[in-house]
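A short write-up of the structure that comes next.
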């Protein structure tokens, strides 16, 4: 069904799936047109970034979308930041104080500093280095905050009545459609500005894990390509990979 005038999403709702993103990846490889959105009430094989398992209790949001943007594959990582902006906007309306929401580079939404939601982007490129398809998987703790080893977690139910996942999905798809239109018309700069509006404070302490190595410094914003800027040892460096630790 169409949820926005700007972008015609086709929303499928399933009671149980192994993984909404795996389903989107499978149909993408088979030629499914963009605009498919898949919502599951539960997942049995949900996954997060870096191969981690993603707990999927009923009442939380498990949504994946399929897009086919006409762009370079090397820019695909920017969609994680775009999805973070859209997700932050969608969740803000359910909270008494939207300022409690912050974004963590490159794929988390935090509530009072605790992990509330995560984003996972999968993509495929053709021989010319262009995106063939892009799947954005989004998980958000609405009713339950599953334990994540080594991480403090939160859910919307900590502060407000948890909304039905279908309602959040409709709001989120509308915001994703909006920001897709913005990116197509004006490039990444407006997305970057919106992300920075919910970013950590300038110069706040950041530790970046790069494989087995850790680098600490001050948050210096985002590069024009969406890379993390980290001030360390008297200079500012840009990183396109790595995991920010809290």
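Some points to look at:
- Extreme residue, farthest from the chain's Cα centre (by Cα), among residues of the range 139-152 that are within 11 Å of residue 110 (Cα to Cα) and at pLDDT 95 or above: 141
- Scanning the range 92-107 for residues that are closer than 17 Å to residue 82 by Cβ and touching a residue at least 60 places away in the same chain (Cβ under 8 Å) yields 101, 102, 103, 104, 105, 106.
The values are calculated or read from the model by the stated rules, or taken from the named source; none is laboratory data. Not measured: the values here are computed from a predicted model. Neighbour counts run over all protein chains shown; Cβ positions are idealised from the backbone, glycine included.
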